[in-house]
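The values are calculated or read from the model by the stated rules, or taken from the named source; none is laboratory data. Owing to the predicted nature of the structure, the values given are computational and were not obtained by experimental measurement. Positions of Cβ are backbone-derived with ideal geometry, glycine not excepted, and every protein chain shown enters the neighbour counts.
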Amino acid sequence: MGEVMDDLKREHLRHTQLFANVGFESIEYLFDGCEERRLERGDHLLEPGAANKHLYVILEGELRVYLSDRNLPPQAVLGPGECVGEMSLFDGQSASALVLAARDSRVLAMPHDVVWSLADSSHGVARNLLAIISGRMRESNRALVALQARSLEFEDGSSVDALTGIHTRSWLQEAFPRAIARCERDGMPLCLLIADIDHFRKFNERFGFLSGDAVLKRMARRLADGLRAQDLIARYGGEEFMILLPNTDRDEAVPIAERLRELVAIGSGLKTGEGVTLSCGVGQRLDGETLDLLIKRTEAALQRAKDNGRDRVETAD
């Protein structure tokens, strides 16, 4: 390693993460067990599942770390002065990532026994090793947070209706059963409210789909604003909205439906000058009743509201 030290120059090593602010006088003899390796662009230094017995200090060039497919963005891009291989070296496990040379590079390969001897002989090296490992773990945590954020963003995007901004039918099919289970467990009543815009197809035919979209957005906003914090709302169909009212019996649910019906009388807010009305069906869940059966009974109540003149609230039998 004496020749290697001459080539690399001590000043070069002093600017690496591992040997920053470390005196070489007492540890220089340990470098005899290290060797310099040259990598051509594309060469693999580490591969997933392969054993690793070295810590590599990058002297020149650029290495890239890939956790899976190399066609995806790299997990890390490492340059002169940085280290790689420390995680598998310390935990005794196989390498978990692919590390390759992005361009022609030189690395100092340090066997694990040399690394431990350096840490034992120099508090500065031990401190730097801890800093390197903690920094790598912090980077991994940030990557996990970013991945989770992207996952949640995708999940939110798939469960929120793009037009109205409220939840979709697919979300309803997961969220409503959970709310029903909670009320059943607590012995509390629960009601379902289904609201439908009256003559909405005729409205679209007369004024166009853009005006129809404006009605849907405004109605969804008014319905959501008129609910309590514990209530759940979703767009169930084209112009149909489904609202779950936890801890609520039929006598409490009917006034809520009447209030919502009045809130969406938005004729004065439309450029067409046409009024829009709402028909509602309300059903209280029976003991042991499934969501599908509750929906079926409540839809029958909604149909009675339409058959009886629309712009009204009817309850399920």
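Assorted remarks:
- Conditions (1) under 29 Å from SER211 (Cβ atoms); (2) hydrophobic (A, V, I, L, M, F, W, C); (3) at pLDDT 95 or above; number of the one not met by LEU270: (3)
- Those residues of segment 16-38 which are within 17 Å of ASP113 (Cα to Cα), exposed (fewer than 15 other Cβ atoms within 10 Å of the Cβ) and of a type in the set (D, E, K, R), in sequence order: GLU28, ASP32, GLU35
- Any hit, segment 204-221, residues being surrounded by 14 or more Cβ atoms within 10 Å (Cβ to Cβ) and of a type in the set (Asp, Glu): no
- Contact map, segment 180-199: residues that are over 12 Å from ASP249 (Cβ atoms) paired with residues that are part of a helix (DSSP H, G or I) and of a type in the set (Lys, Arg), Cβ distance under 8 Å, separation 6+ or inter-chain. Pairs shown: ALA195/ARG261; ASP196/LYS306; ASP198/LYS306.
- Of the criteria (1) closer than 16 Å to PHE31 by Cβ; (2) at pLDDT below 85, which one VAL107 fails: (2)
- Considering each residue of segment 276-285 in turn, none proves to be surrounded by fewer than 21 Cβ atoms within 10 Å (Cβ to Cβ) and either closer than 24 Å to ALA181 by Cα or at pLDDT below 90 (or both).
- Remark: pairs (first residue in segment 290-317, in a helix (DSSP H, G or I); second residue hydroxyl-bearing (Ser, Thr, Tyr) and at pLDDT 95 or above; Cβ separation under 7 Å; 6+ apart in sequence or on different chains) = ALA301/THR315; LEU302/SER279; ALA305/SER279; LYS306/SER279.
- Meets criteria (surrounded by 20 or more Cβ atoms within 10 Å (Cβ to Cβ), among the small types (Gly, Ala, Ser) and within 33 Å of the chain's Cα centre (by Cα)) for ALA195: yes
- Cβ-Cβ under 7 Å pairs, at least 6 apart or on other chains, segment 10-24 side under 15 Å from LEU130 (Cβ atoms), far side crowded, with 16+ Cβ neighbours inside 10 Å and modelled with pLDDT under 75: PHE19/LEU13
- Residues of segment 228-249 that are over 28 Å from the mean Cα position of the chain (by Cα), closer than 15 Å to CYS280 by Cβ and among the acidic types (Asp, Glu): GLU239, GLU240.
- Of the residues examined, ARG304 is not one that is touching a strand residue (DSSP E or B) at 6+ places or on another chain (Cβ under 9 Å) and either exposed (fewer than 15 other Cβ atoms within 10 Å of the Cβ) or not assigned by TED's automatic domain parsing to the domain that holds LEU223 (or both).
- Conditions (1) at pLDDT below 85; (2) in contact with a Ser or Thr (Cβ under 9 Å, 6 or more places away or on another chain); (3) under 22 Å from GLU62 (Cβ atoms): number failed by SER94: (3)
- Of all residues in segment 212-236, those that are among the aromatic types (Phe, Trp, Tyr) have Cβ atoms under 8 Å from Cβ atoms of residues that are part of a helix (DSSP H, G or I), 6 or more apart or on another chain, in TYR236/ARG169; TYR236/LEU172.
- Among (1) in contact (Cβ under 8 Å) with a residue 60 or more places away in the chain; (2) within 33 Å of the chain's Cα centre (by Cα), the one test that GLU252 misses: (2)
- Some residue of segment 145-159 being at pLDDT 80 or above and either closer than 24 Å to GLY79 by Cα or surrounded by 11 or more Cβ atoms within 10 Å (Cβ to Cβ) (or both): yes
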